[in-house]
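For reference, the structure is listed below as structure tokens.
Readers should treat all values here as calculations from the given coordinates under stated rules, not as data from a laboratory. All figures in this text were calculated on a predicted structure; none of them were measured in a lab. Heads up, the Cβs are rebuilt from the backbone with ideal geometry, glycines too, and the neighbour counts pull from every protein chain shown.
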Amino acid sequence: MSERSELSVQDLTMRFGGLTAVRDFSLELAKGELVGLIGPNGAGKTTVFNVITGVYRPTSGKVLLDGVDITGWRPDRVCKQGIARTFQNIRLMRSLSVLDNVIVGHRLRLKSSLGSAILRTPGYVREERELIQTSLELLDSLGLVHYKDVPAGGLPYGEQRRVEIARALATRPRVLLLDEPAAGMNPQESMDLCEFIQKVRRDFNLTVLLIEHDMSVVMGICERIAVLDHGETIASGVPAEIQANQRVIEAYLGVGYKNVAAN
Amino acid sequence: MTWAVFAQNLVNGLSLGSLYALVAIGYTMVYGILRLINFAHSNIFMLGAYMLFYADLMFRLPWWLSFVIAVIVTAIMGVIVERAAYRPLRQAPRISALISAIGVAYFIENLGLVVFGGRPKPFPVPAFFSKSYQLGSVYMANIAWVVPLLSGILLFGLMVLVYRTKVGLAMRAISHDMETSSLMSVDVDRIVAITFGVGSALAAAGGIMWGLKYPQINPLMGTVPGLKAFTAAVLGGIGSIPGAMIGGMLLGMLEIMLVASMPALSGFRDAFAFLVLIVILLARPSGLMGREYREKV
Amino acid sequence: MQIQHDPRRARLKLILTLLSLALSALAIWWANNNLSSYYLRILNLAGINAILAVSMNLIFGFTGLFSLGHAGFMAVGAYTCALLTLPMRSKQTIFLLAPLAWPFNAVTLPPFPAVLLAGLAAAVMAYLIGLPVLRLRGDYLGIATLGFAEIIRVVANNIPTITNGALGLKGIPSFANNLWWTWGWAAATVWVTSRLVNSVYGRSLLAVKEDEVAAEIMGVNLTYHKILSYVIGSAFAGVGGALMGSLVTAINPKTFGFMLTFNILIIVVAGGLGSITGSVITSVIYTVLLEALRPIESGWSIGPLHVPEIPGLRMVVFALVLLVIILFYQRGLFGGREFTWDGVLDWIDRKRNRKQEVAG
């Protein structure tokens, strides 16, 4: 590849005790790409996310962000370097307001010292005001600002997903990892979410890696797709290729499916 | 240390360790089921010793009968504590139940001061226990082998109860998942009550044997052994019954051996248990036998 | 989008704050000069308890670190301060068995720097302990920190050249028997804690409490924030210990048993986790209640009826009161709520609006 990848995962293997969750997984994301990561339950997709974001240290393999080797970094350092994510089972700070959730996302750019925060020096007050202002603008641009004072845990499910994405964006990432953003949504909500993701990617100039089970979402917005099964990559390519790939169909539906499909 | 002295220390360690194990079981069983640190457990331990004292003093019963009665009465008290102070808080934040436990501990301890008086009482020790024999160069009293033996029998009985009976199965089920168990028609209230009864009975037996070893009892006698036993439960992996036994034995043995091998450090004896605990927790954050905690992300 | 900013209300709040500060100062001045030493002692103790409770609330209520080490940090603070303020002559009479070690045998400081150094000593200790153990979670953290506090106590018992061993220190200068000292430090504790928890740093602490994994992935450095909260909270515990030593004038290792930590935990939980207001008010209620219950165990007689002294009865009644409170207020007396001028002003506005609606 002539151009340097934005996110590069090389020969990643993750073992827990005797169980190999991911084996020799490789993936290159060019800047601005939107790539889908699919596969049956337990295929190791979330494990890939956990390794990229530093929750787990991989058994072997490397993760590079814009050429910088971030393998095994602590999650907060990975975040600072420019990778943000959401979670399969939404992990907002439930009792904090939506605004506060977003402010926590902005935290890592706070320059003022602890001392100036306690003394509320003019410099700190100004920075805090800017930070709140930026957070409000972010919420506004995503159409979430009317929730700013609501405890995040009290929002409807679909809105919590959006707030979680907003919080991730607050860290100003280069790469956004979305773990099943459409889970539990009805078709209309999924459609809205697709638009939301597209808009976010455009507006924030992001590279996106997406785990999703909802094929309408995956096929609708992903430019490329990688398929994991039992920790191994069984296919990758553009959506049309994946849809036609026999191994993928078998992984999802079992070996006998082709007969049914043929009928 | 000569071999004879070593052997004596080994027996002492075994006997202290088995007492820690007996008390640790109560902490770990309650924690396993309710996720509650039952701070009142050390007071139950104290009550056991006093119940025997009064049974012996007032009714002049044979010692073994006093023992049985004291253990049963204390077990009932444990059940009452659960019913009155913990059951109403089962749906409350965990910390509220913990404060309730501290409140119960204060209550029993001070009620002990009011009812039993603060002055230490001489504990009745039948002649049999204090009779001692000379083995080579060391003396050993009957109590030295009675305590580990009796504890061993009780612990064996407990293992049978937990791993071989329906009640034990229900206990393990609840400790795994209380809500699901209650949906599967396990009578949670009854099993929790039994757990407190069994734990309290073991603590009472521990308190009584403690009284045999150190025949002066007072209402605060449970504080230090209770804390040590709790430490043993944690370093064994709180919630795990084998862990509590191993932790208790390990702690008792190490404590005796430390003092025996380095008498200069005997002043640090009480700190030693915690040092062991912290070292073990830093190496294994959930204790020796505790379920490895890995949060699903 | 603009942040709502109401200059009139801001000015009003400033005036209210200054006014209440002035009133408090006046009240302290009056009480210091007019109350008997008995009542002053109770109020001083309440102030110290407020320092301890608010600092524990920072660690546990706001950051979610279940630490039971408060008594240990109090001990560090109390010994540091006592050794720094004791006059040379007292030191010579106290340390008979073993001579006092350097630097304490060479210096005597005025109270204020001594209290500051006491807080600093506790903070250093918290840093050293916190770095390894704050990785532990939940109850495991609780028992490990409780263990450290007990270790501190046992060590204090065994280093006679610094602590005078089990005999402890006597005749500590009683500068803290003065409301300016106790409530002044309480005010400082409240001020620092509330500023901290309401800052961006504080939101990160809350995030750590709510969900460590998510917080870390959002760029919050867990170790830094946990240590931050632990060190600041423990520093104030050290200050509280120093003041308590000065108030009771005699300390020994037994003074700092784990029951002391439990008492503060009771105040914090009864007042409501995450409520500074609750911690302060409950400290006062707790201290006054314990004192008010004293007569019931001290023996009394009405005519021919004579009830002898019953030690322990007071704590029996106290334990019952505590159990009742916990059973009925499971989230503490104040839940997570705080007293703020905004809260008061909003409440007045609502009242006024309702009245106008009724009138209209």
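A Förster distance of 51 Å, applied to the separation of the beta-carbon atoms of B:Ile76 and C:Ile227, puts the FRET efficiency at 0.60. Using bins of 10 Å that start at zero, the share of Cα-Cα pairs per bin across the range B:1-77 amounts to 17, 33, 29, 18, 3, in whole %. Shape call for the range B:197-289 from the C-alpha gyration tensor, a ≥ b ≥ c root eigenvalues: rounded (a/c under 1.5), prolate (a/b greater than b/c) or oblate? It is oblate, given that a/c is not under 1.5 and a/b is not larger than b/c. Here's the picture: a label point sits 7 Å out from the Cα of B:Leu57 along the beta-carbon direction, and within the range B:118-136 the residues with their amide nitrogen under 20 Å of it are B:118-127. Using R0 = 41 Å, the C-beta based FRET efficiency linking A:Asp203 and A:Thr121 works out to 0.75.
Protection proxy ranking, highest mean first, for peptides C:27-37, C:89-99, B:65-75: B:65-75, C:89-99, C:27-37, where packing is the per-residue count of other beta-carbon atoms within 10 Å, averaged.
For a test of the definition: using alpha carbon positions, the gyration tensor, and the 1.5 limit on a/c, classify the range A:94-159 as rounded, prolate or oblate. Prolate, because a/c is 1.5 or more and a/b exceeds b/c. Relative contact order of the range A:59-126: what whole-number percent is it, with Cα pairs under 8 angstrom and at least 6 residues apart? Dividing the mean separation by the residue count of the range A:59-126 yields 14 percent.
When peptides B:103-109, C:287-293, B:115-121 are ranked by their average number of other Cβ atoms within 10 Å per residue, the highest-first order is B:103-109, C:287-293, B:115-121. Once both labels are positioned 7 Å from their Cα atoms along Cα-to-Cβ, the gap between B:Ser266 and C:Arg350 label points is 6.6 nm. Of the peptides A:52-58, A:33-39, the ranking by mean beta-carbon count within 10 Å, highest at the top, reads A:33-39, A:52-58. Inter-chain Cβ neighbour count for C:277-284, averaged per residue, equals 0 (cutoff 10 Å, partner chain atoms only). Placing pseudo-labels 7 Å out from each Cα toward the beta carbon at C:Leu14 and A:Asp24 gives an inter-label distance of 7.0 nm.
How big is the shadow of the Cα convex hull of the protein assembly as shown, averaged over all directions, in nm²? Average projection, Cα convex hull of the protein assembly as shown: 50.7 nm². What separates the Cα centres of the range C:100-131 and the range B:220-297 is a distance of 31 Å.
Comparing C:Leu243, C:Ile172, C:Val192 along the charge dipole axis of the range C:31-257, the residue lying farthest to the positive side is C:Ile172, per the Cβ-charge model.
Among beta bridges from DSSP that stay inside the protein assembly as shown, the antiparallel ones total about 65%.
Using only Cα atoms, locate the centre of the range B:119-133 and the centre of the range A:108-134, then give the distance between them in Å, rounded to an integer. Centre-to-centre (Cα) distance: 69 Å.
Would you mind classifying the range A:42-169 by shape? Square roots of the alpha carbon gyration tensor eigenvalues, ordered a ≥ b ≥ c; an a/c under 1.5 is rounded, otherwise it is prolate if a/b is larger than b/c and oblate if not. Note, shape of the range A:42-169 comes out oblate. Peptide C:134-140 shows a mean partner chain C-beta count of 5 within 10 Å per residue C-beta. Relative to its residue count, chain B spans a Cα convex hull of 144 Å³ per residue. Note on A:95-103: average number of Cβ atoms from other chains within 10 Å of each residue's Cβ is 3. Label positions at B:Leu65 and C:Trp180, each projected 7 Å from the Cα along the C-beta direction, are separated by 7.3 nm.
Here the extension length gained between A:Arg129 and A:Gln243 equals 36.1 nm, from 0.36 nm per residue of separation less the Cα-Cα distance.
Just so you know, the averaged projected area of the alpha carbon convex hull for the range A:134-239 sits at 7.4 nm².
Over chain B, DSSP H runs of length four or greater, each weighted -39,500 (n - 2.57), average out per residue to a 222 nm ellipticity of -24500 deg cm²/dmol.
For the range A:1-122, the dipole from Cβ point charges (+1 on Lys and Arg, -1 on Asp and Glu) about the Cα centre works out to 580 debye, to the nearest 20.
For the range C:266-360, what log10 I(q)/I(0) values come out of the Debye formula at q = 0.10, 0.14, 0.23, 0.25 1/Å, with one point per alpha carbon and no solvent? These q points yield log10 I(q)/I(0) values of -0.47, -0.69, -1.08, -1.15. Principal axis extents of the C-alpha atoms in chain C (largest first, rounded to whole Å): 80, 67, 39.
In chain C, helices alone account for a calculated mean residue ellipticity at 222 nm of -23000 deg cm²/dmol, with every DSSP H run of four or more residues adding -39,500 (n - 2.57).
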